[in-house]
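Worksheet for the structure shown next.
The values are calculated or read from the model by the stated rules, or taken from the named source; none is laboratory data. What you see is a predicted model; the values in this text were computed from it and never measured. Heads up, the Cβs are rebuilt from the backbone with ideal geometry, glycines too, and the neighbour counts pull from every protein chain shown.
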Amino acid sequence: MSNLEKYDQIFTETFEIGKADLEGLKYQGIPAWDSVGHMTLIASLENAFDIMFDTMDVIDFSSYEKGKEILSKGEYGVDFNA
Amino acid sequence: MTFEEIMSLSPYSLNKEEKGKLLTERLMELTRHHLENCPEYRRMSEAVGFDVEKAEDYRDIPFLPVRLFKEMDLKSVPGEEIVKTMTSSGTTGQAVSKIYLDRETSANQQKAMVKIVQDFTGSARMPMIIIDCPGVVKNRAMFSARGAGILGFSMFGAKKIYALDDDMRLDVEGLKEFLENNKGQRILLFGFTFMIWQHFYKELVRLKDEGISFDLSDGILIHGGGWKKLISEAVSHDEFHKRLEVVCGLRSIHDYYGMVEQTGCIYMECEHGHLHASNFSDVIIRRPIDFSEAEIGETGIIQVVSTIPESYPGHSLLTEDEGAVLGVDDCPCGRKGKYFKINGRLKSAEIRGCSDTYADKFK
């Protein structure tokens, strides 16, 4: 499974939504992505990619797209083209 | 002064003059915003004869009684921008505060809290023991202050465990396993003062008699929610610290003061037992007789100001708590700003009169 597939799967499973809903999806944009859902998402991503987010990145993780940007940073090094 | 600029500073770096300038600039800006966008706030300001153009200092900005948020729905943004409504804790039948948050205010609350707490914990996320039951965050539609506190502090935890089950019994096996798996690491513990005492401390004492003990000497405990019930059990602040150290080696213990009406800018207790105001907020002690500002050391009613609230007019509030400023910029811990102590709640009869009649006028 590619990193992007993994990333997408965590979103669709955590929030019980379809792949088509992912683009443009924002924190607090759907009932499931509230602050409780957010911590579940963060924990699942940390497990799947074997990383630990910095606290500020947990807060800045405000959309589906922003999350990819954060994970692509040097300290996490997740390559979404791989 | 934008919120981002305040964020970029170390949270306890400003002295009295610097902080006064910053707060005046930002709080005046917030006052203008709320005057323009919240009709109820504008009417109340007019009723007390406040003229924003004549105000020179953040201490001149009127304060709303916190109780008002129980009686009125106060917002400074269109309803469709509200993403979260927070409520205060209250017993059944008691009115609760409703605080309306948009994306911006909600995010700024979290960011401020991270800056403040990291000054005490460091920036690494730690294994975390939440001294409460998992049930408290399950009702997602209604966010109680207790649930919000737990979720807010959860950001600082990496792996997390709830130490209590839904019947508030200590999960002894779970705790043992968690400590074993995270041996040698600094552990963050979080909970509410009375629950820690009743369901954690007392149980640890009982277990110790049975020969089961836990070593939490590498832990840092953050607790809040007030002392009222413990004082009625005659447990003082010093006693609380001493007894926890004896039973599990916990030495780093920090109380915090905060309220749902100004979530984010909490007041953390330092190593010297003082509560500190960060750059994000301030406390002003008011004399009950005429609401003039009290001297250092003089007890009065606590007013809190915060640089965060944009979606609701809660940047300047009169609490129902009593306390005193102990000093400014010179705490031995090195943190700048005011440091203070809380004496407890005002007797409700004393304040009910003024806040209720105050609110009734504007209905």
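Taking the stated definitions as given, is B:A95 buried (at least 16 other Cβ atoms within 10 Å of the Cβ), among the aliphatic types (A, V, I, L, M) and more than 13 Å from every other protein chain (Cβ to nearest Cβ)?
no
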**Prompt:** In the range B:325-340, is there at least one residue being modelled with pLDDT under 95 and not in a helix (DSSP H, G or I)?
**Reply:** no
**Request:** Filter the range B:110-123 down to residues that are facing chain A (nearest Cβ under 10 Å) and in contact (Cβ under 8 Å) with a residue 60 or more places away in the chain and give me whichever is nearest to B:V172 (Cα to Cα).
**Result:** B:T121
**Message:** Is it the case, given these coordinates, that B:S106 is away from chain A (no Cβ under 14 Å), closer than 30 Å to B:Y41 by Cα and in contact (Cβ under 8 Å) with a residue 12 or more places away in the chain?
**Reply:** no
**Message:** Condition (residue is under 22 Å from B:V283 (Cα atoms) and part of a helix (DSSP H, G or I)) applied to the range B:9-16: is it met by at least one residue?
**Reply:** yes
**Prompt:** Which ones in the range B:132-190 are away from every other protein chain (no Cβ under 11 Å), in contact (Cβ under 8 Å) with a residue 40 or more places away in the chain and small (G, A, S)?
**Reply:** B:S144, B:A145, B:G149
**Top-ranked residue of the range A:28-82 - restricted to ones that are in contact (Cβ under 8 Å) with a residue 60 or more places away in the chain and among the hydrophobic types (A, V, I, L, M, F, W, C), ranked as farthest from B:S123 (Cα to Cα)** = A:A82
**Prompt:** Of the conditions (1) within 13 Å of chain B (Cβ to nearest Cβ); (2) farther than 24 Å from B:E4 by Cα; (3) touching a helix residue (DSSP H, G or I) at 6+ places or on another chain (Cβ under 9 Å); (4) crowded, with 17+ Cβ neighbours inside 10 Å, A:F49 fails just one. Which one is it?
**Reply:** (1)
**Request:** From A:I10, A:I30, A:I70, A:I42, grab the single residue that is within 14 Å of chain B (Cβ to nearest Cβ), under 10 Å from the mean Cα position of the chain (by Cα) and at pLDDT 90 or above.
**Result:** A:I42
**Item:** Residue ID - surrounded by the most Cβ atoms within 10 Å (Cβ to Cβ), chosen from residues in the range B:17-50 that are assigned to a helix (DSSP H, G or I) and among the small types (G, A, S)
**Value:** B:S45
**Item:** Only one of B:E80, B:E53 that is over 17 Å from the mean Cα position of the chain (by Cα), within 14 Å of chain A (Cβ to nearest Cβ) and either more than 24 Å from A:D60 (Cα to Cα) or surrounded by fewer than 18 Cβ atoms within 10 Å (Cβ to Cβ) (or both)
**Value:** B:E80
**Item:** Number of the condition not met by B:I285 [criteria: (1) touching a His at 6+ places or on another chain (Cβ under 7 Å); (2) touching a residue at least 40 places away in the same chain (Cβ under 8 Å)]
**Value:** (1)
**Prompt:** Which residues, taken from the range B:193-210, are out of contact with any His (no Cβ under 9 Å at 6 or more places or on another chain), over 16 Å from B:V246 (Cβ atoms) and of a type outside the set (A, V, I, L, M, F, W, C)?
**Reply:** B:Q198, B:H199, B:E210
**Request:** Determine if the range B:24-41 includes at least one residue that is in contact (Cβ under 8 Å) with a residue 12 or more places away in the chain, within 14 Å of chain A (Cβ to nearest Cβ) and hydroxyl-bearing (S, T, Y).
**Result:** no
